[in-house]
Amino acid sequence: MPAYITRTCILQGRSNDQEEWRTLDMIDSNRQNDVDRSFLPVSVRYVRLYVVSPTQAVGMDATRIYEFDLW
């Protein structure tokens, strides 16, 4: 269902648990089911996907991400 597609999210990383998260990549106004992204290589130990807008529809608050790969 297109309304379930995650609209806005930020890929963040940090090298240790004392550092602030830094933005590595951002997707805004997404409308695709499958998203491939490329960005400059970085060296981090921890990554997180911070979801800002979980769906296309206002008021829906469940994020649906079925696969997430980094390499």
Which option, (i) 41; (ii) 36; (iii) 48, is the value of percent of Cα pairs over 18 Å apart that was calculated from these coordinates?
(i)
Rounded to whole Å², per residue accessible area for the chain with a 1.4 Å probe reads 81
Taking amide H positions as placed 1.01 Å from N in the peptide plane, with prolines and chain starts having none, which residues 5 or more places from LEU24, or on another chain, fall under 5 Å of its amide H?
LEU11, GLN12, GLY13
Which ³J(HN,Hα) values in Hz, rounded to whole numbers, follow from the phi angles of segment 4-18 under the Karplus curve 6.51 cos²θ - 1.76 cosθ + 1.60, where θ = phi - 60° and Gly and Pro get x?
7, 5, 5, 7, 9, 8, 10, 8, 10, x, 7, 8, 8, 6, 8
List, in order, the whole-Hz ³J(HN,Hα) value for each residue of segment 31-48 obtained from phi through the Karplus relation with A = 6.51, B = -1.76, C = 1.60 and θ = phi - 60°; use x for Gly and Pro.
9, 9, 6, 10, 10, 10, 10, 10, 8, 4, x, 9, 10, 9, 9, 10, 10, 8
How big is the dipole moment of the chain about its Cα centre under a simple scheme where the beta carbon of each Lys and Arg is +1, that of each Asp and Glu is -1, and everything else is neutral? Debye, nearest 20, please.
80
Expressed as a percent, the accessible surface of the chain that is carbon or sulfur, using a 1.4 Å probe and the full set of protein chains, is 47
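The values are calculated or read from the model by the stated rules, or taken from the named source; none is laboratory data. Predicted model, so just to flag it, every value in this text is computed and none were measured. Positions of Cβ are backbone-derived with ideal geometry, glycine not excepted, and every protein chain shown enters the neighbour counts. Protein only, heavy atoms only, side chains kept; ligands, DNA and RNA dropped before computing areas. Shrake-Rupley method; radii C 1.70, N 1.55, O 1.52, S 1.80 Å.
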